[in-house]
Amino acid sequence: MSTTVVRTTKSEPVEARPLAEAGRLTSLDVFRGMTIAAMILVNNSGDGRHTFWPLEHAAWNDWTPTDLIFPFFLFIVGVSLVFSFASRTARGQSRKQLLLHSLQRSAIIFALGIFLYAYPKFDWHTARIPGVLQRIAVVYFLTSVLVLFTGRVVRIIATAALLIGYWLLMKYVPVPGYGPGVLTMDGNLVGYIDRSLIYNHLWIAHRFDPEGILSTIPSIATCLLGVFTGEWMCSERAHAPKVVGLLIGSIAGLVAGDVWNIWFPINKMIWTSSYVLFTAGFALFVFAVCYWIIDVRGWKVWAIPFLIFGVNPLAIYFLASFAETALYVHHVGKDSIKAILYGKLFASAFSNPYIASLSWSISFVLVFFLVAWFMYRKRIFIRI
């Protein structure tokens, strides 16, 4: 992992950041920053029991606003990949160099994810292997390979094959003791494969993991849909046709996902194909709005906090996730540091436990906004 420090003159306005390279979209950085801020918000409930429903995942089928966040990030990875490869190619990097860079980047992200779940015991017999950063790493690398070594038509076919193939696997491959097509937590094929291969390393011990092995297949399609969006945005089309195209794609994704939901329910935990299309439709809508407001109309001031999050996304996410773990696992006496801070500063200050829990979550976001702001002011941009 390398740290790049870039400095600008004091007279340069904050929104004209040093990362405003040729072809880079401010709206994409803002969309990424909004997603990172939302990730931190929903991952850091005060007490874990009193959380407003929009900040919780759906128990199984269906969705909440929280269930949009991770696919948004993978979608953004795909969009960003197109701009990154175009920029590196313009600087003379070969396909082999791009592949090696992708492999190195993926390995580092995967290792950081493993570290988060292994800390502080580092018990490799029980540490969780799947996870958010691990899925990002695998999906990013496999998508990079497809972008580098296939054309658009092949990628379209691959996306359809990933979504339809995954549906057929989940519908027709029998699970011992349950049979085919059972989509409960214990009866689905995703959980069965994970229990068979990484029994001791799952999020829900010996039972299930929402970032499992098989469900990575459709998440690649989420990233590929971002790649198609990035290619659309890199075209020579005018602003208006680009926005219209994004909105048409949004409607198509939302409708297709909702229709497929009849046979293959929208479900974040097993990343169903209907979930891929539905969440991509939402992502296209949010991106279209950000692009129109920020890059077309030039209304940027409101977005500066999200921009600050968005230029150091993985670093801020990792630091926030590590802080969350450290506060929970380290104790002063019998109580964890988190329990002490939450009890003294939030639970005692608010009679409504839901408000207390939300206040902790918002405070966590604000703390790491200050970290991101400090890095931004010092022109520290961590590029993995």
Among (1) part of a helix (DSSP H, G or I); (2) open to solvent by less than 30 Å² (accessible area, probe 1.4 Å) - the single one GLY212 does not satisfy: (1)
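Taking into account only those residues within the stretch 256-266 that are out of contact with any helix residue (DSSP H, G or I) (no Cβ under 6 Å at 6 or more places or on another chain) and outside any loop (DSSP other than H, G, I, E, B), which is surrounded by the most Cβ atoms within 10 Å (Cβ to Cβ)? Before you say what the answer is, go through the steps one by one.
Narrowing the stretch 256-266 to residues out of contact with any helix residue (DSSP H, G or I) (no Cβ under 6 Å at 6 or more places or on another chain): 258-259, 262-263, 265.
Okay, now just the ones that are also outside any loop (DSSP other than H, G, I, E, B), so 258-259.
Numbers: ASP258: 14, VAL259: 12.
The selected residue is ASP258.
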Hey, ARG152 open to solvent by 10 Å² or more (accessible area, probe 1.4 Å), over 25 Å from LEU246 (Cβ atoms) and not aromatic (Phe, Trp, Tyr) or not: no
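Only one residue in GLY249, GLY226, GLY253 is in contact with a Gly (Cβ under 9 Å, 6 or more places away or on another chain), open to solvent by less than 50 Å² (accessible area, probe 1.4 Å), in a helix (DSSP H, G or I) and within 17 Å of ILE164 (Cβ to Cβ). Which one? Steps first, please.
Working: GLY249 fails: within 17 Å of ILE164 (Cβ to Cβ); GLY226 fails: within 17 Å of ILE164 (Cβ to Cβ).
Result of the check over GLY249, GLY226, GLY253: GLY253.
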Lone unmet requirement of (1) within 18 Å of ALA205 (Cβ to Cβ); (2) open to solvent by less than 50 Å² (accessible area, probe 1.4 Å) for LYS121: (2)
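Residues that are within 30 Å of GLU231 (Cβ to Cβ) and either open to solvent by less than 60 Å² (accessible area, probe 1.4 Å) or in contact (Cβ under 8 Å) with a residue 12 or more places away in the chain (or both), at least 3 per element: which helices (runs of 4 or more DSSP H) completely within the stretch 281-384 meet that?
On the way: elements: 304-310, 313-329, 337-342, 353-377.
The helices (runs of 4 or more DSSP H) meeting that bar are 304-310, 313-329.
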Close pairs from the stretch 223-234: first without any contact (Cβ under 8 Å) to a residue 60 or more places away in the chain, partner part of a helix (DSSP H, G or I) and among the basic types (Lys, Arg), Cβ under 8 Å, at least 6 apart: TRP232/LYS242
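Taking the stretch 161-194 only, how many residues are assigned to a helix (DSSP H, G or I), surrounded by fewer than 17 Cβ atoms within 10 Å (Cβ to Cβ), without any contact (Cβ under 8 Å) to a residue 24 or more places away in the chain and not aromatic (Phe, Trp, Tyr)?
Residues of the stretch 161-194 that are assigned to a helix (DSSP H, G or I), as a first pass: 161-172, 189-194.
Add one more test, that the residue is surrounded by fewer than 17 Cβ atoms within 10 Å (Cβ to Cβ), and what stays is 161, 164-165, 168-169, 171-172.
Next, from what is left, pick out any that are without any contact (Cβ under 8 Å) to a residue 24 or more places away in the chain: 161, 168, 172.
If we keep only those that are not aromatic (Phe, Trp, Tyr) too, we end up with 161, 168.
Within the stretch 161-194, residues that are assigned to a helix (DSSP H, G or I), surrounded by fewer than 17 Cβ atoms within 10 Å (Cβ to Cβ), without any contact (Cβ under 8 Å) to a residue 24 or more places away in the chain and not aromatic (Phe, Trp, Tyr) number 2.
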Hits in the stretch 106-144 - residues which are among the charged types (D, E, K, R) and more than 19 Å from ARG195 (Cα to Cα): LYS121
Failed item, numbered, when LEU99 is tested on (1) in contact (Cβ under 8 Å) with a residue 40 or more places away in the chain; (2) within 22 Å of LEU277 (Cα to Cα); (3) in contact with a Leu (Cβ under 8 Å, 6 or more places away or on another chain): (2)
Selection from the stretch 32-89 of residues that are out of contact with any Phe, Trp or Tyr (no Cβ under 9 Å at 6 or more places or on another chain), at negative phi, open to solvent by 50 Å² or more (accessible area, probe 1.4 Å) and in contact (Cβ under 8 Å) with a residue 40 or more places away in the chain: ARG49, ASN61, ALA86
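The values are calculated or read from the model by the stated rules, or taken from the named source; none is laboratory data. Note that this is a predicted model, so its numbers are computed, not measured. Reconstructed Cβ throughout: ideal geometry from the backbone, glycine too, with neighbour counts over all protein chains shown. The protein model used for the area step is the full one, side chains on, heavy atoms only, and it has no ligands, DNA or RNA in it. Shrake-Rupley method; radii C 1.70, N 1.55, O 1.52, S 1.80 Å.
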